[in-house]
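The values are calculated or read from the model by the stated rules, or taken from the named source; none is laboratory data. Keep in mind the model is a prediction, meaning the values are calculated, not measured. Heads up, the Cβs are rebuilt from the backbone with ideal geometry, glycines too, and the neighbour counts pull from every protein chain shown. Note: areas computed on protein heavy atoms with side chains; ligands, DNA, RNA excluded. Shrake-Rupley method; radii C 1.70, N 1.55, O 1.52, S 1.80 Å.
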Amino acid sequence: MELKELYEHTKGRMEKTIRSLHGEYDSIRAGRANAKVLDRIEAEYYGTMTPITQMAGISNQDARTLIIQPWDRTALNPICKAIQASDLGINPQNDGTVIRLSFPVPTEERRKQLAKEVSKKAEEAKVAIRQIRRDSIEKVKNMKKAGDITEDDQSDGEERVQKITDDFIKQIDKIAEDKTAEIMEL
């Protein structure tokens, strides 16, 4: 593996971490109706646990209301039960054809709790980025030991990996800052 390939591989792994962080943040309910909060909820459908997103169409009625329209009406009750059993803390309203989820405005205490969760997830992402950095620097050192690169190349390689790491850490900080601002606004 050449140094350029190593840099691209490192960036690719770090980008996956950023995408994962975005996915984590999408599932945090910030008071706005967001269909992503249903991505990890599954309902029993003909004896099989099935994601709600595969059983129904999900749309926004307004900024605080989601409409879940199952393709099969027999799925209405299992979907309601799955939502009630989840950690969303929302009581679904079933009118016989669609399910409505009304997202209340979070309290100040709840917003602070969500902001802490955002910070915790950002720190976990930073730890993952640093682990990738450590792996990449170890590969650079192994390339030097194997005689594939010079000592100057090793030094430059380690600096480049550190610069890539710093850039991704800044991205994580910005993403977390934006999500915290979104949560804290009324």
Distance cut-off 21 Å, Cα to Cα: go down the list Lys141/Lys174; Lys121/Lys170; Lys11/Lys163; Lys81/Lys179 and report the pairs above it. Lys141/Lys174; Lys81/Lys179
Using the heavy atoms of the protein chains and a 1.4 angstrom probe, tell me the accessible area per residue for the chain in square angstrom. 59 Å²
List the residues of segment 97-115 whose backbone N lies under 20 Å from a point placed 7 Å from the Cα of Ser59 along the Cα-to-Cβ direction. 97-103
Counting other Cβ atoms within 10 Å, which GluC sites (Glu not before Pro) in segment 1-49 have at most 14 and lie in a DSSP loop? Glu2
Label 7 Å along Cα→Cβ of Met184; segment 106-127 residues with amide nitrogen under 18 Å? 106-123
Taking R0 as 22 Å, what FRET efficiency do you get between Glu177 and Glu108 from their Cβ-Cβ distance, rounded to the nearest 0.05? 0.70
Give, in nm to one decimal, the length gained when the segment between Thr74 and Ile18 is fully stretched (0.36 nm per residue of separation minus the Cα-Cα distance). 16.3 nm
Rank these by accessible area, largest first, 1.4 Å probe: Ser20, Ser86. Ser20, Ser86
In segment 1-157 the accessible area split gives carbon plus sulfur, as whole percent at 1.4 Å, a share of 46 percent
